[in-house]
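Presented below is the structure to which this report refers.
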Amino acid sequence: MRVPLLNAIGKPKASEVLTSYLKQCNEPSWTSFFIWQNDVLNDQFGRSHFNWTLDTGTNYHILRTGCFPYIKYHCTKRPIQDLRIEDYFFRCIKVANLGLAQLCYGLAAVFLIRHVQHVDMGSYGRVPLYFLYEEDTGSRY
């Protein structure tokens, strides 16, 4: 059962949660997690593969998709690259399959998620992040 941890004053942006989590984990070489869609404002809607640079200068390639009832992030620390073609390609695939693959992935994740971590978002409260398994912090792969 989900326990609401968020403050009633509003929701943080998904991008803020992403940034906070990467910093909280000391900028890991990679990570992969789900965010419950209702816990955040989806300010990265429509973006599938893009660069995300932290204020420390560390850049991540983000693979992102909506997979109801979650938003899925896969983050890999890599140098900045032009990812516009890949972003467009992944977006076209999602449209071509009418989002059915994302829906199935999200519904399967409901049963496969085995680990939860929380990101402290200040006045917004704690946002839970969901993992298929507990990650080995410090692991390169």
| query | Is it true that some residue in the stretch 44-55 is touching a Leu at 6+ places or on another chain (Cβ under 7 Å), surrounded by 17 or more Cβ atoms within 10 Å (Cβ to Cβ) and on the phi > 0 side of the Ramachandran plot? | reply | no
| field | Selection from the stretch 77-105 of residues that are of a type outside the set (D, E, K, R), surrounded by 15 or more Cβ atoms within 10 Å (Cβ to Cβ) and within 15 Å of Leu63 (Cα to Cα) | value | Leu83, Phe90, Gln102, Tyr105
| request: Please list, ordered by first then second residue, the pairs with beta carbon atoms under 9 Å, 6 or more apart or interchain, first in the stretch 33-47 and without any contact (Cβ under 8 Å) to a residue 60 or more places away in the chain, second of a type in the set (Lys, Arg) and assigned to a strand (DSSP E or B). | output: Leu41/Lys13; Asn42/Lys13; Asp43/Lys13; Gln44/Lys13; Gln44/Arg64; Arg47/Arg64
| Scanning the stretch 13-37 for residues that are open to solvent by less than 30 Å² (accessible area, probe 1.4 Å) and of a type in the set (Gly, Ala, Ser), which turns out farthest from Phe131 (Cα to Cα)? | Ser15
| message | I need the full set of residues from the stretch 21-33 which are among the small types (Gly, Ala, Ser) and more than 11 Å from the chain's Cα centre (by Cα), in order please. | response | Ser29
| query | Is there a residue in the stretch 61-71 that is in contact with a Leu (Cβ under 7 Å, 6 or more places away or on another chain), at pLDDT below 95 and more than 25 Å from Arg84 (Cβ to Cβ)? | reply | yes
| said: Can you tell me which of (1) open to solvent by 30 Å² or more (accessible area, probe 1.4 Å); (2) under 19 Å from Val127 (Cα atoms) is the one Val40 doesn't meet? | reply: (1)
| Residues of the stretch 56-69 satisfying the condition of being open to solvent by 10 Å² or more (accessible area, probe 1.4 Å), more than 13 Å from Lys94 (Cβ to Cβ) and in contact (Cβ under 8 Å) with a residue 24 or more places away in the chain | Thr56, Thr58, Pro69
| request: Say whether the condition of being open to solvent by less than 80 Å² (accessible area, probe 1.4 Å) and free of Cβ contacts under 8 Å to residues at least 60 places away in the same chain is met by at least one residue in the stretch 128-138. | output: no
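The values are calculated or read from the model by the stated rules, or taken from the named source; none is laboratory data. Computed from a predicted model, the values in this text were never measured in an experiment. All Cβ positions, glycine included, derive from the backbone under ideal geometry; neighbour counts span all protein chains shown. Side chains are part of the model used for accessible areas, which takes the heavy atoms of the whole protein and leaves out ligands, DNA and RNA. Shrake-Rupley method; radii C 1.70, N 1.55, O 1.52, S 1.80 Å.
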